[in-house]
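Worksheet for the structure shown next.
The values are calculated or read from the model by the stated rules, or taken from the named source; none is laboratory data. Quick caveat, the model's predicted, so the values are computed rather than measured. Please note: Cβ atoms are built from the backbone with ideal geometry, for glycine as well, and neighbour counts cover all protein chains shown.
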Amino acid sequence: MSEQTITASSRLHVSNEFDALLERLDAITPLLKANADANEAGGRLTPEVEAALLDSGAYRVGIPENLGGYEFSPRQVIETIEKISYADASAGWVFMALQMITGTTAAWLPEEATQELFAGDNHALIAGQGTRLGTAAKVDGGYRLSGSWSFASGMHQATHIHTAAFCPDTNQALVFTLPKEQATLIDNWDVMGLKATGSIDYVIEDVFVPDSFTYEVSIMDALNGGAIYHLGLANMSGICHTGWALGVARRLLDEMKELAGKKTGAPGATVDTDQFHAAYAKAEATLRSARAWTMEVWADNEATLDRGELLSTEQETLTRLALNNVTWSAHEVTMAVYKWAATAALRSGDIQRFFRDMHAGTQHVTSGPVVLQNCGRQLAGLAPNARWVFLDLQDQ
C-alpha cells in the first residue's frame, strides 16, 4: 500500500490522443530512419527531423491537458518513446528529454510562468540538466543563478533551459527555468554514441530568475495536470529511459532478423547454426520479458496514482529496478546482435550506429550501479525506514 497521499486530488489521465499520435509517428518513421546518418554527421537532428517531430504534436505528450497537452499516462509515454527510438536512437533520446522536461515544467510552475511558456500553440521546448547543482543567491523577487552543467540533451531544439542549483540562503535545491539566450552554450559533444543528440555543456553566470520560474527539486505535487506529475523527477526520467532502451533493442533485433534472411543458405552461414537459433531465441525472451515486467510495474504504479496516492518506497524501488533491468537486458540483446552480425556490425550502417548508441545510453546515471545496489538493499529488508530522494535511498 502507498505510504503517502497526494495533496491535490487528481486521477491519472489516459489520453485519447494516443492512437492518433502513433499513426502520425508511423507516417514519419521512414523520414526519421532516412535522416539517421545525416543526424549523426551533423551532431544534431536535421531540420527535417526537427520539423517532423514538432509537426506531429509529439512534444505535447508530457504537457498537462489543461495547458493544451495530451498528458499521456506512463505506459503511453513509454510506447511513444519506444516508437521514436526504434526509428532512430538519437531522435528518441532528444524527444524523451524535451517532452519530459517541458511537461514537468508545465506541471510544476505557477500560472505566471505557464501563461508565458505555454500560451497558444507555439509552446516552449525546454532542455537542461538536473543532476549536478549550480549555485543560487536569493534576491528580491527571485534568485541570481550561476553554474556550469553538462549533458543538455535537446538543447539545440529548445527555447528555454531547465537547470538545478542549490540556494544556501534558503537551504533548498531548486530547478530554474530561463530563456536559452541567457546561457552560454558550449558545443563540445564529441562522443562515441548518441552523437546526434547534441547533449552539450552550458554555463550560466549571475542571471536573474524570478520566483515564479522555480520549483523544488523534490516536488511531488502539481499545480497543473493529473496524477502522473506526482511521480517526481526521478520516476518521470525512468519512464523515458525505459521507452528508449526498449525501442533501441527491438530495432537491433529486427535488423538482425533482416540480416539473417540475407545470409541464410550461403556456404558456412553462421545464421544457419543451432547456436544462432538458440541465441536469437534467448535475445527475444530477454527483451520481451524485460518489457513485460516493466509494463507490469507501471500498471501497478498507475493504479496507485489513480487512487490519489503516491508510490510506496517498494514501488519506487521496483520502478528503478525495472529501468535497470530493461537497460541492461537491452544491452545484452545488443551484444548478441553484435556477435552474430559479425563483420556487418563493423561497417557504417544501422547496426553499428545503434550498437554505439546503446552503449552510450547505458552510461546514464539512472541505470548506474549505485541505484541497483540501493534497490537490493531496500528489497532485502536492510533499509526498513529508508525513502528515495531522487536517485539516493536515504535512511529516515
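Which residue out of ALA249, ALA281, ALA285 is assigned to a helix (DSSP H, G or I) and touching a helix residue (DSSP H, G or I) at 6+ places or on another chain (Cβ under 9 Å)?
Residue meeting the stated conditions: ALA249.
Could you go through the stretch 21-33 and let me know if any residue there is in contact (Cβ under 8 Å) with a residue 24 or more places away in the chain and in a loop (DSSP other than H, G, I, E, B).
no
Could you please let me know if GLU116 is more than 13 Å from TRP244 (Cα to Cα), more than 17 Å from the chain's Cα centre (by Cα) and among the acidic types (Asp, Glu)?
Considered against the rule, which asks whether it is more than 13 Å from TRP244 (Cα to Cα), more than 17 Å from the chain's Cα centre (by Cα) and among the acidic types (Asp, Glu), GLU116 comes out as yes.
Looking at ASP357, ASP272, ASP350, which is the one that is among the acidic types (Asp, Glu) and more than 22 Å from the chain's Cα centre (by Cα)?
ASP272
Limited to the stretch 169-199, what total is found for residues that are more than 27 Å from THR114 (Cβ to Cβ) and in contact with a His (Cβ under 8 Å, 6 or more places away or on another chain)?
2
Would you check if VAL297 is in contact (Cβ under 8 Å) with a residue 40 or more places away in the chain and either within 19 Å of the chain's Cα centre (by Cα) or buried (at least 21 other Cβ atoms within 10 Å of the Cβ) (or both)?
Considered against the rule, which asks whether it is in contact (Cβ under 8 Å) with a residue 40 or more places away in the chain and either within 19 Å of the chain's Cα centre (by Cα) or buried (at least 21 other Cβ atoms within 10 Å of the Cβ) (or both), VAL297 comes out as no.
Specify the residue that is farthest from PHE355 (Cα to Cα); the eligible residues are those in the stretch 27-42 that are under 20 Å from the mean Cα position of the chain (by Cα) and surrounded by 18 or more Cβ atoms within 10 Å (Cβ to Cβ).
Of everything passing the filter in the stretch 27-42, LEU32 is farthest from PHE355 (Cα to Cα).
Could you name every one of the strands (runs of 3 or more DSSP E) located completely within the stretch 116-192 that has at least 3 residues being in contact with a Pro (Cβ under 8 Å, 6 or more places away or on another chain), in the same structural domain as THR46 (by TED's automatic domain parsing) and surrounded by fewer than 22 Cβ atoms within 10 Å (Cβ to Cβ)?
Answer list for the stretch 116-192: none.
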